[in-house]
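Beneath this line is the structure, given in structure tokens, with notes to follow.
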Amino acid sequence: MVSADGNVVIVASDHPAARRAMTMKTYFALAHVLVSPEGERHGLVDRALAQQGKRRVLALTLPQMFAAPAVVARTNMTATVMKRVALGSSAGSTLALFPPPMTLPDVTFDLIWHRRSDASPAQRWFRSIVESTAANL
């Protein structure tokens, strides 16, 4: 089973940037939250921008993506996160979502397991639940 999710740029819905299109000019005028579980100061977005010879201003690095929507909803910062994370967040209703102003690849998720559990009825049941849930997202 394979599932994919795209990225969105989020800002607080009451932020002035929420009232206009997310152009590169607007994007670069904002302070950014970077999600980096490894604690690095660059990520997928930064690599895409570097290919264009550009850099964004990082204001905060978080180790976990699910905190980013809550931080953005309460600040003047922005973040580029997976769409499902933004929509599923408790802060989701207080965010404005925009397509990124640059091309970013989808994030792909694979369901994998060891071959010794391939025929296990419990494992097969569990995989079917995960697969059907992911298909409905």
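Please treat every number below as a calculation from the coordinates, not as lab data. Computed from a prediction, not measured in an experiment: that's the story for all the values here. Heads up, the Cβs are rebuilt from the backbone with ideal geometry, glycines too, and the neighbour counts pull from every protein chain shown.
Working note: Karplus 6.51/-1.76/1.60 with θ = phi - 60° gives the range 28-44 the couplings 6, 7, 9, 7, 10, 9, 9, 9, 8, x, 8, x, 6, 9, 7, x, 3 Hz, where Gly and Pro are set to x. The average projected area of the chain, computed from the convex hull of its Cα atoms over all directions, is 9.6 nm².
For the chain, what does the helix formula give at 222 nm: sum of -39500 (n - 2.57) over DSSP H segments with n ≥ 4, over the residue count, nearest 500 deg cm²/dmol?
Here the helix-only value at 222 nm equals -8000 deg cm²/dmol.
The packing ranking, built from the mean of other Cβ atoms within 10 Å per residue, places the peptides 80-88, 44-52 in the order 80-88, 44-52, highest first.
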